[in-house]
Amino acid sequence: MRRRRVYQYFVCASVLVYIYYFFGVCDYIFSKSYDDNFDYPLSIDIRPVVNEVLSGKKPSVAPINLYPYRFLSNSGKCSTLEKLDLFIVVKSAMDNFAKRNGIRQTYGQENIIPGRIVRVLFFLGIGDSKSITQMRVDREMADHKDIIQIDFHDSYYNNTIKTMMSFRWLYEHCSTADFYLFTDDDMFVSVKNLLDYLYDNPSTSSANEIESAKNNKMVVGNERDGILFAGYVFNSSPQRFSWSKWRVSLDEYPWNKWPPYVTAGAYVVSNRCMKLFHVGSLFVKNFRFDDIYLGIVAKKLGVKPTHCSRFHFYKKSYSESGYQDVIASHGYSDPDELYRVWNELNKS
Ligand SMILES: *[C@@H]1O[C@H](CO)[C@@H](O)[C@H](O)[C@H]1NC(C)=O
């Protein structure tokens, strides 16, 4: 009888221990309060330092986050003299030839909106340099001259490298666009609706910009420079479950909430914001999820993300009337579907 009891206790305790670790219970209990005292390395106010860099001075604090990667290709897409309305950065994977072609034939066509100068570039990492894939990418680069390849190994957890290296490329090579859209190669995008949102509708664009400029008191520089960081905004918490692809340990991120962040997939930033993010990121430790990383950098800069419900984080199911207002929607990994939907909406 006694033995049996002991055995039962043992099983019971094992189950509890298992649950404890499996659900990351202790990580939830011991996480620190975001609202009370959020901090993230570097533990300094980065705003004055960012200001120094943007005004051409040597920063008083050394950068901690310089990615040691190079751009393997360039593109004549941007001259520093030409004023662009919109620059579209498409994050793509080497293998996604069909998706890139689908984009070139749809929203990535550059000169289809009268009076607007729009440029599109794809950003890729590398794989095996002698592979057939690389040979095909080389040919594609020669044909289209719209690919920037960066020499880091392309993988899910290296996403932040791709994103921040593209910010760096823009900062160094194409800093003359009013706005920059960052998007993945599996999105539907309406450039026309995006431009309307950014330029034509005072209740969204300029009002928002002035509003965020006011909220961002620090503002590095002056208020007329307009700071916009917009898309589908999430306010959520880290996942601590041991099985989650998105599990984050307390060592990596000890706080119980994420800063508000715009989900990757599609987001737009103003010129000023692009520069702030690039320079700010030099002083903010890397984090492997790119959208959260930008949320952290934004928080440290005092930039408030603007939620815009016309960016769809979940796929918005298609109907012609339902899509009149859509700026971007997830869920277009089939280029034929993108082609069909985009053409139906753009027939004239
Ligand atoms: C990220 O890229 C670097 C540089 O190519 C590489 O050394 C590293 O293994 C990559 N990380 C992952 C998780 O693939």
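Here are the numbers for this structure:
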{"read-out": "Selection within the range 111-149 - within 13 Å of the ligand (Cβ to nearest atom) and over 16 Å from ASP290 (Cα atoms)", "value": "ILE126, GLY127, ASP128, SER129, GLN149"}
{"read-out": "Residue in the range 138-147 that is open to solvent by less than 40 Å² (accessible area, probe 1.4 Å), in contact (Cβ under 8 Å) with a residue 40 or more places away in the chain and of a type in the set (Val, Ile, Thr) present", "value": "yes"}
{"read-out": "Residues of the range 168-189 classified as open to solvent by less than 30 Å² (accessible area, probe 1.4 Å) and within 22 Å of HIS330 (Cβ to Cβ), total", "value": "9"}
{"read-out": "Number of positions in the range 150-165 that are within 6 Å of the ligand (Cβ to nearest atom), open to solvent by 10 Å² or more (accessible area, probe 1.4 Å) and in contact with a Gly (Cβ under 7 Å, 6 or more places away or on another chain)", "value": "2"}
{"read-out": "Condition met for SER79 (surrounded by fewer than 17 Cβ atoms within 10 Å (Cβ to Cβ), hydroxyl-bearing (Ser, Thr, Tyr), in the same structural domain as PHE167 (by TED's automatic domain parsing) and out of contact with any helix residue (DSSP H, G or I) (no Cβ under 9 Å at 6 or more places or on another chain))", "value": "yes"}
{"read-out": "Whichever residue in the range 275-290 is at pLDDT 95 or above and charged (D, E, K, R) and, among such residues, is surrounded by the fewest Cβ atoms within 10 Å (Cβ to Cβ)", "value": "LYS285"}
{"read-out": "Residues that are open to solvent by 40 Å² or more (accessible area, probe 1.4 Å) and either under 26 Å from HIS330 (Cα atoms) or touching a helix residue (DSSP H, G or I) at 6+ places or on another chain (Cβ under 8 Å) (or both), drawn from the range 251-271", "value": "ASN256, LYS257, PRO260"}
{"read-out": "Filter result for TYR107 (surrounded by 15 or more Cβ atoms within 10 Å (Cβ to Cβ), over 20 Å from MET274 (Cα atoms) and aromatic (Phe, Trp, Tyr))", "value": "yes"}
{"read-out": "Qualifying positions in the range 309-320 - surrounded by 21 or more Cβ atoms within 10 Å (Cβ to Cβ) and at pLDDT below 95", "value": "none"}
{"read-out": "Residues located in the range 296-319, provided they are without any contact (Cβ under 8 Å) to a residue 40 or more places away in the chain and either not in a loop (DSSP other than H, G, I, E, B) or not assigned by TED's automatic domain parsing to the domain that holds PHE188 (or both)", "value": "VAL297"}
{"read-out": "The one condition in (1) within 16 Å of the ligand (Cβ to nearest atom); (2) within 30 Å of ASN193 (Cβ to Cβ); (3) assigned to a loop (DSSP other than H, G, I, E, B) that TYR69 fails to fulfil", "value": "(2)"}
{"read-out": "Which listed residue, of TYR293, TYR323, TYR339, is surrounded by 21 or more Cβ atoms within 10 Å (Cβ to Cβ), touching a residue at least 40 places away in the same chain (Cβ under 8 Å) and of a type outside the set (A, V, I, L, M, F, W, C)", "value": "TYR293"}
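The values are calculated or read from the model by the stated rules, or taken from the named source; none is laboratory data. Because the structure is predicted, anything quoted here is derived from the model rather than measured. Note that we place each Cβ from the backbone using ideal geometry, even for glycine, and neighbour counts take in every protein chain shown. Please note that ligands, DNA and RNA were not included when accessible areas were found on the heavy atoms of the full protein model with its side chains. Shrake-Rupley method; radii C 1.70, N 1.55, O 1.52, S 1.80 Å.
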